[in-house]
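The values are calculated or read from the model by the stated rules, or taken from the named source; none is laboratory data. Small disclaimer: the values here were computed from a predicted structure and weren't measured. With ligands, DNA and RNA removed, areas are computed over all heavy atoms of the protein, side chains included. Shrake-Rupley method; radii C 1.70, N 1.55, O 1.52, S 1.80 Å.
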Amino acid sequence: MTEPQLDILYTEDQIQARIKDLSLQIRRDYGDEPMVLIGVLKGSLMFLADLSRHLGHQVRIDFMQLSSYEGGTSSTGVVQIRKDLDQTIEGERVLIVEDIVDTGLTLAHLRELLMTRHPSMLRAVSLLRKPEAAKVEATCEYVGFEIPNQFVVGYGLDYRERFRNLPYIGILLNPD
Ligand code: PRP
C-alpha cells in the first residue's frame, strides 16, 4: 500500500467526550441493574473498553464475531457467525456495542438472532452510523456520530486489518 492519506474526522478528545455523553444516556435507561455488553469483534474493541469504564460495577462483557465483509471496502451482504457468546443472555439486560452501522446488515441480523435467546431488554449502541449507506432498517438506540458515506478507519476500524490502533477516526482518502 502507498503511504496512507488520512483526514481526521474525530479527534481523540471528541470521541471521548461523546462516549461520556452516551454513557450517561445508557446509565439513565439501564439504571444500576446488572447488564451485559456484547462487543462485536473486532471493530468495537476500543469503544467497548472506553464505554464500559463509564458504566459502573454491574457490567458483564461478552463478545461475538460476525462478518459481512470479505475484506476491502464494500459489503458482500453475507453475515456469518465466526464466534458466538460464551454465556447465555436469557433474562438479561443486553446492550450490543458496535463501532459502525454501515449497510445495517450486521446489526439487523444480530438483533434478530439475539432476540431468539430471550433477553429481558435488548438495545444497541454504535459509535458511528452512515445513514446514506443503509440497505436494511437496523434499529440503533444510541449513536455517537452520524457520518458521511466515506471510508473511515481508526479507533477500532480497519482497512485490511490496519489502522485499528489509531486513537482518532480518520477518512482514508486513498484505499487501493
Ligand atoms: C464492521 C463493523 C460492523 C459491520 C457494519 O465489521 O464492525 O460490525 O462491519 O457493517 P454493516 O452495517 O454493513 O453490516 P467487519 O465485518 O468489517 O469486521 P471487523 O469489526 O472485524 O473489522
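Over segment 12-149, accessible surface divided per residue gives 50 Å², non-protein components excluded, 1.4 Å probe. Computed over segment 1-131, relative contact order equals 23 percent, with contacts defined as Cα pairs under 8 Å that lie 6+ residues apart.
At 0.36 nm per residue, minus the direct Cα-Cα distance, what do D84 and K42 gain on full extension? Give it in nm, one decimal, please. Please report the intermediate quantities before stating the final value.
Working: separation 42, 0.36 × 42 = 15.12 nm, distance 1.31 nm.
Going from the current span to full extension adds 13.8 nm.
Counting only protein heavy atoms and using a 1.4 Å probe, what share of the accessible area of segment 27-154 belongs to carbon plus sulfur, as a whole percent? Carbon and sulfur together cover 46 percent of it. Of the whole protein surface, V136 contributes about 60 Å² of accessible area at a 1.4 Å probe radius. Computed from the alpha carbon atoms alone, the convex hull of the chain holds 106 Å³ per residue. Using heavy atoms of the protein chains and a probe of 1.4 Å, the accessible area assigned to K83 is about 60 Å².
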